[in-house]
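Got a structure for you, written out below as structure tokens; questions coming shortly.
The values are calculated or read from the model by the stated rules, or taken from the named source; none is laboratory data. Computed from a predicted structure; not experimentally measured. Heads up, the Cβs are rebuilt from the backbone with ideal geometry, glycines too, and the neighbour counts pull from every protein chain shown. Quick note on the areas: whole protein, heavy atoms, side chains included, nothing else; ligands and nucleic acids left out. Shrake-Rupley method; radii C 1.70, N 1.55, O 1.52, S 1.80 Å.
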Amino acid sequence: MFTLKCTGCKAKLMRYRKIGKGRLLRCYKDRIKEDYTIKEGNKVFCPNCGNLFGIDYGAFIKVRKGSFTQKGSYE
Ligand SMILES: [Zn+2]
């Protein structure tokens, strides 16, 4: 499980179960365990500072490079 935090303000964005190694490019919604983000249309923002975290494509969120830090372990 990974905890994703905002690069700007360190607020928690979500807890995410990542399968497989490699860089996190997309967050699939069925693997998001806790979601603290704010949505506006198809845009997904940090709940604290409004930093753009990603774009919602329905089944997944395409995350914006550099907008978050990840801490945790792969499964
Ligand atoms: Zn933030």
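Just to be sure I understand, how many residues within the range 1-53 are touching a helix residue (DSSP H, G or I) at 6+ places or on another chain (Cβ under 9 Å) and either open to solvent by less than 40 Å² (accessible area, probe 1.4 Å) or not in a loop (DSSP other than H, G, I, E, B) (or both)?
3
One residue is enough: does the range 56-64 have a residue meeting the conditions within 16 Å of the ligand (Cβ to nearest atom) and open to solvent by 50 Å² or more (accessible area, probe 1.4 Å)?
yes
Could you list, ordered by first residue, the pairs with Cβ atoms under 7 Å in which the first is in the range 3-32 and of a type in the set (Val, Ile, Thr) and the second is open to solvent by less than 80 Å² (accessible area, probe 1.4 Å) and away from the ligand (no atom under 12 Å from the Cβ), at least 6 apart or interchain?
Cβ pairs passing all conditions: THR3/ARG15; THR3/GLY72; THR7/GLY66; ILE32/MET14; ILE32/TYR16.
What are the pairs with Cβ atoms under 9 angstrom where one residue, in the range 33-52, is away from the ligand (no atom under 15 Å from the Cβ) and at pLDDT 95 or above and the other, located anywhere, is in a strand (DSSP E or B) and open to solvent by 50 Å² or more (accessible area, probe 1.4 Å)? Sequence gap at least six, or different chains.
Listed by first residue and then by second, the contacts come to LYS33/ARG15; GLU34/LYS12; GLU34/ARG15.
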